[in-house]
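Working notes, structure below.
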Amino acid sequence: MLTPQGLKGKQYRITGNSYPRLGRPPKKSRKVFALIGSVLALALIALGGVQLYDIFTGKGKNSSAQACATPSGKPLAAPTPDASPGAPAGDPKAIPQPTAFKLNVFNATTKSGLAGRTAEEFTKRGFTVDKKGNAPAELDKKVPGTAVVIAGPAGAGAATLISSQIAGATVTTDARTDNTVDVVVGDSYNALLDETQAAAALALATKPSPTPSTTGSC
């Protein structure tokens, strides 16, 4: 009940279904909210700029290298292109120079003079031919392919080198203890691969197996 001023004490009742509405926040509060929003936007822009700078200057890569550091604090060293992964010095599987071992050439076919011609081709490429002639009885006329290359464990690398010179040659191992290599040419043999093809075959034979990518991890 309200008594408006100037109505001589009479009381009146206010009726109706209207309610007072809340007004807008004061202008000062709106300015505070706007200021906070501006500060947050500037912070996000600055953070993005720092990340882009790191990407373009390579600092991100340095961080990855530090994450993959050894216990001593030094980054892990990348393997050199000339190194054979996991192969110790003197590894018999390493590919030797053509003059580092002796080669024996044998003919297991009925073609006369084939061992001599093949030995001559190997000699022109720098190989040291020790013996040449007909194949031993256990192999004579029993090599249907191009050639069989035979070596002991110590001549594994030399056998790989020789087999890369002949298309389709197969390699077998016997019990010899030196690094000599026998090549027994068979019925399908005609000539050595040309030097470019032989180099490509050797590169393929000695290509290391792919390893899992270490990008982004240690």
When you go through (1) under 19 Å from Ile95 (Cβ atoms); (2) in contact with a Pro (Cβ under 7 Å, 6 or more places away or on another chain) one by one for Thr170, which number turns out not to apply? (2)
I'm trying to understand the selection: among the residues of the stretch 118-173, which are open to solvent by less than 10 Å² (accessible area, probe 1.4 Å), outside any loop (DSSP other than H, G, I, E, B) and under 16 Å from Lys102 (Cβ atoms)? Thr118, Ala119, Phe122, Val149, Ala151, Gly155, Gly157, Ala158, Ala159, Ile162
Check Thr109 against each of (1) open to solvent by less than 30 Å² (accessible area, probe 1.4 Å); (2) β-branched (Val, Ile, Thr); (3) closer than 22 Å to Ala201 by Cα and name the one condition it does not meet. (3)
Given Ala191, Ala203, which one is among the aliphatic types (A, V, I, L, M), open to solvent by 30 Å² or more (accessible area, probe 1.4 Å) and not in a loop (DSSP other than H, G, I, E, B)? Ala203
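The rows are residues; the columns are (1) under 19 Å from Thr206 (Cβ atoms); (2) of a type in the set (A, V, I, L, M); (3) touching a Cys at 6+ places or on another chain (Cβ under 7 Å); (4) at pLDDT 95 or above.
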| site | (1), (2), (3), (4) |
| --- | --- |
| Ala78 | no, yes, no, no |
| Pro85 | yes, no, no, no |
| Pro92 | yes, no, no, no |
| Val105 | no, yes, no, yes |
| Ala115 | no, yes, no, yes |
| Thr128 | no, no, no, yes |
| Lys132 | no, no, no, yes |
| Ile150 | no, yes, no, yes |
| Gly155 | yes, no, no, yes |
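The values are calculated or read from the model by the stated rules, or taken from the named source; none is laboratory data. Please read all numbers here as calculations on a predicted model, not as lab measurements. Here the Cβ is made from the backbone with ideal geometry for all residues, glycine too, and neighbour counts use every protein chain on show. The protein model used for the area step is the full one, side chains on, heavy atoms only, and it has no ligands, DNA or RNA in it. Shrake-Rupley method; radii C 1.70, N 1.55, O 1.52, S 1.80 Å.
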